[in-house]
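Novice: Sharing a structure here in structure tokens format.
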Amino acid sequence: MKLEIARGLFLLGALGIASLALAAWEQPRTQVLSAVQGGGQCPLPRTVKVSVPAKPDHELLLFMFGMSQAMGPKS
């Protein structure tokens, strides 16, 4: 086999493998994390004493949701 043919076949094989790897690439997606204990919240350290329950800021939650949707894949 000539060297030029071997180089061409190697190049075609490398491009084929690279295109398959690009097609199989999976980006991590946003997911809702759940916790069995703690009601879906992060556990607090033992030294923290909570006297007033925290209330979520709905504007911040809406902003975070919008930002996560804008960053996602366009498929």
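Where a number appears in this text, it was derived from the coordinates with a stated rule and is not lab data. These numbers come from a predicted model, not from an experiment.
Novice: Provide the gained length on full extension for the span Arg29 to Phe65, in nm with one decimal, where the gain is 0.36 nm per separating residue minus the Cα-Cα distance.
Specialist: Roughly 11.7 nm would be gained on extension.
Novice: Any chance you could run the full-extension gain for Lys49 through Leu20? It's 0.36 nm times the residue separation minus the Cα-Cα distance, nm to one decimal.
Specialist: 5.1 nm
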